[in-house]
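Peer 1: The structure's right below; bear with me while I get my questions together.
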Amino acid sequence: MAEPAVAKVLVANRGEIALRIMRTCREMGIPTVAVYAEPDRRAPHVVFAEDRILLAGANPRAAYLDIPQLIAAARSAGADAMHPGYGFLAENPAFAEACVEAGITFIGPSAASMRAMGDKVAARRAMQAAGVPVVPGTDTVTDDQAAVAEAERLGYPVLVKASAGGGGIGMRVAKTVEELRPAVDGARRAALSAFGNEAVYIEKYLDHPRHIEMQVLADAQGTTLALGERDCSIQRRHQKLVEETPAVGLKAETRAAMAAAAVRAAEAVRYQSAGTIEFIFSGGQFYFLEMNTRLQVEHPITEMVLGMDLVREQIRIARGESLSADGVPASRGHAIEFRINAEDPLRNFLPSPKPIRRYGPPSGPGVRVDSGIHPHLEVSPHFDPLLVKLIVWGADRQQAIARGRRALQEFVLTGPATTIPFHRSLLQEPDFQAGRITTYFIQEHPALLERVRSFTAEHSPFESFYGSPEVAAAIGAIVAVSEEKG
Ligand code: ADP
């Protein structure tokens, strides 16, 4: 069989991640094909790609999930490889298979690896067999009596989770036996409607844990590398908002044990490409949560401290090339990612899908912006509210925080409500500055949200640059008058 070439890549995604993948392709001299649903006609990824193909669909989301259409698009554009990004079809084994059957190289793991990790109960079993610690918990619970006995054995609080889960969907906490039945029923209903699979299981709900995950890269020759951890404990609704690396205060021996467990986990499912083993960390111990068999939203912080390009590595692996014999580069400094979502922090992070008005991203030392927007772009309620990722790097955590503050202050993004004021408030919080973070952070720091209000009212020094020419002229006039007076 001939080696897969990866000569032209169709990116089966949209938004910041589609553009981010295309940028690496361009650096590697690989032309790309964008696909888009009607509302994305003028989106940056569509403008950037060499070729673009409109997808038909009952709604914009359905278009990006339409496997036959994506395969047909790749064929008609002459793409020999497919990059799924994250979300949409990235963890769908049927999509990976459809690509392979069509003779298209799927830039990601095999369908078999995805299946082995796709069902959380099966993944837990496989991990236990591979000697990876898992959160104390159960197999699928079918009978309510058994559920009560199991929860009793684990001790309350417990967390009922969908076996097919993702995105925090189908997860319910039960603090007492009275809450168990409604939690199980609620999780089942949510799982059935989101995943078409009502299987649920129960885990011990760990107290004040941290979410710490390990990036892995594995090639076709059987080399699997752990590329270091990311602390993703700052979350709302059990979903990440801020990620950083390295994890504050993580002992070298714990990091090494976590890296070894992550490599065992990936090897157990014969993993290839970039992937992430998520652990929950509590009481000095780490436990396997799940594996994300794809590139993750927060991958840039790992790239920043290692000086690596993970998409490039994915493409090299898909071409059958080996990982560098030099192993993992030494990690340098500290990186933090802030997810800038079209969400209102003051309304419980409710999505705010309004058109972008002004957009002026920050730059300067240690700043990376992965964006999928431009002024006047409509923000569709059909898609994930993530607009832009701000990633900062510093020689140490303190410098990364200072750069984060400065960059967030510079940021001009008006139209929808965003998480920018939340992040600015977070960086003021003494417990965050000291690295005292757990997944309970937001709920336990009410002052955070109170401070958001004052940041919402504060404008970037550059705001006027991005307004209409009339507004800019008016501001210029005011400045001139005050200068005369001064
Ligand atoms: P999903 O795949 O739906 O995102 P995960 O299993 O990855 O679900 O968990 C998401 C988040 O929920 C974790 O980052 C953590 O904050 C919280 N969580 C999950 N399992 C537990 C647990 N057993 N105890 C405490 N918190 C948990």
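The values are calculated or read from the model by the stated rules, or taken from the named source; none is laboratory data. Everything numeric here is computed off the predicted structure, so don't read it as measured data. All Cβ positions, even for glycine, are placed from backbone atoms using ideal geometry, and neighbour counts span all protein chains on display. Surface areas here come from the heavy atoms of the whole protein model, side chains and all, with no ligands, DNA or RNA. Shrake-Rupley method; radii C 1.70, N 1.55, O 1.52, S 1.80 Å.
Peer 1: Calculate, in nm to one decimal, what residue 253 and residue 433 gain on full extension: separation in residues at 0.36 nm each, minus their alpha carbon distance.
Peer 2: 62.4 nm
Peer 1: Taking all protein chains in place and a 1.4 Å probe, what share, in percent, of the accessible surface of segment 88-133 do carbon and sulfur account for? Write down the numbers at each step before the final one.
Peer 2: On the way: 930 of 1750 Å².
Using a 1.4 Å probe with all protein chains present, segment 88-133 comes out at 53 percent carbon and sulfur.
Peer 1: Any idea of the accessible area per residue across segment 12-74, 1.4 Å probe, to the nearest Å²? Mind dumping the intermediate values first?
Peer 2: Working: 2450 Å² over 63 residues.
Value returned for segment 12-74: 39 Å² of accessible area per residue.
Peer 1: I've got another one for you. Karplus couplings for segment 141-151 from phi (6.51 cos²θ - 1.76 cosθ + 1.60, θ = phi - 60°), rounded to Hz, Gly and Pro as x?
Peer 2: Ordered by residue, 3J(HN,Hα) equals 9, 10, 10, 4, 4, 4, 4, 4, 5, 5, 5 Hz.
Peer 1: Another question, if that's okay. Would you kindly calculate the translational diffusion coefficient of segment 266-392, applying Stokes-Einstein with the Kirkwood radius from alpha carbon pairs, for 20 °C and a viscosity of 1.002 mPa s, and quote it in µm² s⁻¹ without decimals?
Peer 2: Reported coefficient: 122 µm²/s.
Peer 1: Give the carbon-plus-sulfur fraction of the accessible surface of segment 134-200 in %, rounded to a whole number; probe 1.4 Å, heavy atoms of protein chains only.
Peer 2: Numbers: 1680 of 3220 Å².
Exposed carbon and sulfur together represent 52 percent of the surface.
Peer 1: Then there is this: For residue 251, list the aspartates and glutamates whose Cα falls under 13 Å from its own Cα; do not include residues on the same chain fewer than 8 positions away.
Peer 2: Within reach: 229.
Peer 1: Within the set of other residues whose C-beta is less than 11 Å from the C-beta of residue 199, count the net charge using Lys and Arg as +1 and Asp and Glu as -1.
Peer 2: Values: positive: 120, 161, 188; negative: 119, 139, 198.
Charge balance near residue 199 sits at 0.
Peer 1: Quick one: if you stick a label point 7 Å off each Cα along the C-beta vector at residue 125 and residue 330, how many nm between them?
Peer 2: Taking the two extended label points, one gets 4.6 nm.
Peer 1: In whole Å, what are the extents of segment 9-107 along the principal axes defined by its C-alpha atoms, from largest to smallest?
Peer 2: Principal extents (largest minus smallest coordinate, Cα): 31, 28, 23 Å.
Peer 1: What does the accessible area per residue of segment 230-350 come to in Å², with a 1.4 Å probe and no ligands, DNA or RNA counted? Can you show the working numbers first?
Peer 2: Working: 4220 Å² over 121 residues.
Here the per-residue accessible area is 35 Å².
Peer 1: In addition: Under Stokes-Einstein, with the Kirkwood radius over Cα pairs standing in for Rh, what whole-number D in µm²/s applies to the chain at 37 °C and 0.692 mPa s? Don't jump to the answer; show the numbers that get you there.
Peer 2: Values: Rh = 23.6 Å.
Diffusion coefficient, whole number: 139 µm²/s.
Peer 1: Per residue, how much accessible surface does segment 119-180 expose to a 1.4 Å probe? Answer in Å², no decimals.
Peer 2: On the way: 2790 Å² over 62 residues.
For segment 119-180, the solvent-accessible area averages 45 Å² per residue.
Peer 1: Exceeding 32 Å between C-alpha atoms, which entries from my cross-link table qualify? They are 120/354; 175/389; 161/389; 240/354; 204/354.
Peer 2: Working: 120/354 36 Å; 175/389 35 Å; 161/389 29 Å; 240/354 22 Å; 204/354 40 Å.
Listed pairs above 32 Å: 120/354; 175/389; 204/354.
Peer 1: While we're on this one: May I ask you to derive the relative contact order of segment 136-204, considering only C-alpha pairs under 8 Å and at least 6 residues apart, and to give it as an integer percent? Present the calculation step by step, with values, prior to reporting the outcome.
Peer 2: Values: 134 pairs, mean separation 30.1, N = 69.
Over segment 136-204, the number comes to 44 percent.
Peer 1: On the first, second and third principal axes, largest extent first, how far apart are the outermost C-alpha atoms of segment 192-291 in Å?
Peer 2: 40, 36, 23
Peer 1: Turning to a different aspect of this structure: Mind listing the long-range amide H neighbours of residue 53? Cut-off is under 5 Å, sequence gap 5 or more, other chains count too, H placed in the peptide plane at 1.01 Å from N.
Peer 2: Under 5 Å from the amide H of residue 53: 34, 35, 36.
Peer 1: Quick one: ranking 287, 466, 201 by accessible area, 1.4 Å probe, largest first, what do you get? Provide the component values of the computation, followed by the final result.
Peer 2: Details: 287 50, 466 90, 201 0 Å².
Solvent-accessible surface, decreasing: 466, 287, 201.
Peer 1: Round to the nearest 0.05 the FRET efficiency obtained for residue 54 and residue 312 when R0 = 25 Å and r is the Cβ-Cβ distance. Walk me through the intermediate numbers first.
Peer 2: On the way: r = 29 Å, r/R0 = 1.15.
So, using R0 = 25 Å, E works out to roughly 0.30.
Peer 1: On to the next question. Over 19 Å, how big is the tail of the calculated P(r) for segment 136-204, in percent of all Cα pairs? Write down the numbers at each step before the final one.
Peer 2: Numbers: 448 of 2346 pairs.
Summing the P(r) tail past 19 Å for segment 136-204 gives 19 percent.
Peer 1: If you don't mind, another one. Using +1 at the C-beta of Lys and Arg and -1 at the C-beta of Asp and Glu, which of 218, 367, 407 has the Cα lying farthest in the positive direction of the dipole of segment 210-463?
Peer 2: 407
Peer 1: Along the positive direction of the dipole of segment 23-170 (beta-carbon charges: Lys, Arg +1; Asp, Glu -1; about the Cα centre), which of 28, 168, 59 reaches farthest?
Peer 2: 28
Peer 1: Go ahead and estimate [θ] at 222 nm for the chain from helices alone: -39,500 (n - 2.57) per DSSP H run with n ≥ 4, summed, over the residue count, rounded to 500. Mind dumping the intermediate values first?
Peer 2: Values: 18 runs with 185 residues, N = 486.
Here the helix-only value at 222 nm equals -11500 deg cm²/dmol.
Peer 1: Calculate, in nm to one decimal, what residue 270 and residue 454 gain on full extension: separation in residues at 0.36 nm each, minus their alpha carbon distance.
Peer 2: Values: separation 184, 0.36 × 184 = 66.24 nm, distance 5.04 nm.
Difference between extended and current length: 61.2 nm.
Peer 1: While we're here: Probe 1.4 Å, all protein chains in place: accessible area of residue 465 in Å², nearest 10?
Peer 2: 140 Å²
Peer 1: Of 235, 426, 459, which is farthest on the positive side of the dipole of the chain, counting Cα position, with +1 on Lys and Arg Cβ, -1 on Asp and Glu Cβ, and the Cα centre as origin?
Peer 2: 459
Peer 1: Here's something else I'd like to know. What's the carbon and sulfur percent of segment 210-463's accessible surface, probe 1.4 angstrom, rounded to a whole number? Before the final figure, lay out each step's value.
Peer 2: Numbers: 4760 of 9500 Å².
Carbon-and-sulfur percentage of accessible area, whole number: 50.
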